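So the structure is just underneath, and the comments pick up after that.
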Amino acid sequence: MIKVLTIAGSDSSGGAGIQADLKTFSALGTYGMSVITAVTAQNTRGVSSVRELDPEIIREQISAIFEDIQVDAVKIGMVFNTTIIDSIAEILLKHRIKNIVVDPVMVSTSGYTLLQPQAREALIRELFPLAEVVTPNLWEAEVITGEKISTLPAMEKAAMTISLLGSKNVVVKGGHLEGDAVDVLYNGKSFRHFFSDRVSTPHTHGTGCTFSSAIAAFLAKGCPVEEAVAGAKEYINGAIAHAFPLGQGVGPIHHFY
Ligand code: PLP
């Protein structure tokens, strides 16, 4: 059995966060485990409240898993604050964990803060160097690089800049750019572009979480990074194409299409 762990926040409406990660792991035929960092009160209209967990129980959750189970890949999503980031980094280093995918989650689509702005530096400094792949969206890439990104060459430049922060590979996700959805992968030497037709749907909740979890699942299965990103892209496109309405706002993508 291939085993994948997510360290992330809970989405009570089931579309994003830990819930999306676990659905993705199952859909891709792997065994999913979860360490919860924070709990959000959330529905399809947005996030209304966040409570982070005590770093001690986060550390204990991770230790409980690593002391007993061989984990094939780890996805890190919402980490909320600096103390939580410190705890996660310390344990991952101690156990020399490989195949780490870091999704630098900062703000929900509805505009709610999922990472305290003062924790951005710690996220970059402590978690990026541990990552096999980091997966910023355009807005996150702009925050990290301090540059506006509105073209493919600007995405490439951002991927290069972010790669200098220590992760082996960077995927800058272009989903929010006009036109076709293009993602740029940079491995420190060369680029690969992943194009796909834009699927027209208002229901895209959980897209980012699902993409990074899918990369982790494919890495866990032993795929090289390029293949893992290609596989994740194909999976996410299908999930978006089968997205459905739920509640009154932005519905979820379909993990088991
Ligand atoms: N809630 C949690 C717990 C998340 O981790 C994320 C994104 O990573 C979101 C919400 C945001 O999802 P969306 O941007 O699709 O609203």
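Bear in mind that the values in this text are calculations on the coordinates, not laboratory data. Just so you know, these numbers come straight off a predicted model, no measurement behind them. All Cβ positions, even for glycine, are placed from backbone atoms using ideal geometry, and neighbour counts span all protein chains on display.
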task = Per DSSP H run of n ≥ 4, the term is -39500 (n - 2.57); total these for the chain, divide by its residue number, and report the mean residue ellipticity at 222 nm rounded to 500 deg cm²/dmol.
result = -10500 deg cm²/dmol
query = Over the chain, what relative contact order in percent results from Cα pairs under 8 Å that are six or more residues apart?
reply = 19
Environment charge at E67 (Cβ cut-off 15 Å; Lys +1, Arg +1, Asp -1, Glu -1) = +1
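How big is the shadow of the Cα convex hull of region 3-241, averaged over all directions, in nm²?
In nm², the orientation-averaged hull projection of region 3-241 is 11.3.
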ask   = How would you classify region 185-230 from its alpha-carbon gyration tensor, with a ≥ b ≥ c the square roots of the eigenvalues: rounded for a/c under 1.5, else prolate if a/b is greater than b/c, otherwise oblate?
value = oblate
query = Shape call for region 1-107 from the C-alpha gyration tensor, a ≥ b ≥ c root eigenvalues: rounded (a/c under 1.5), prolate (a/b greater than b/c) or oblate?
reply = oblate
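How many percent of Cα pairs in region 1-55 exceed 15 Å?
Details: 701 of 1485 pairs.
Value for region 1-55 (Cα pairs over 15 Å): 47 percent.
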remark   = Over 21 Å (Cα to Cα) among K173/K221; K98/K173; K23/K75 -> K173/K221; K98/K173
ask   = Based on Cβ point charges of +1 for Lys and Arg and -1 for Asp and Glu, what charge dipole magnitude is obtained for the chain about its Cα centre, in debye rounded to the nearest 20?
value = 240
ask   = Antiparallel as a % of all DSSP beta bridges within the chain, to the nearest 5?
value = 45
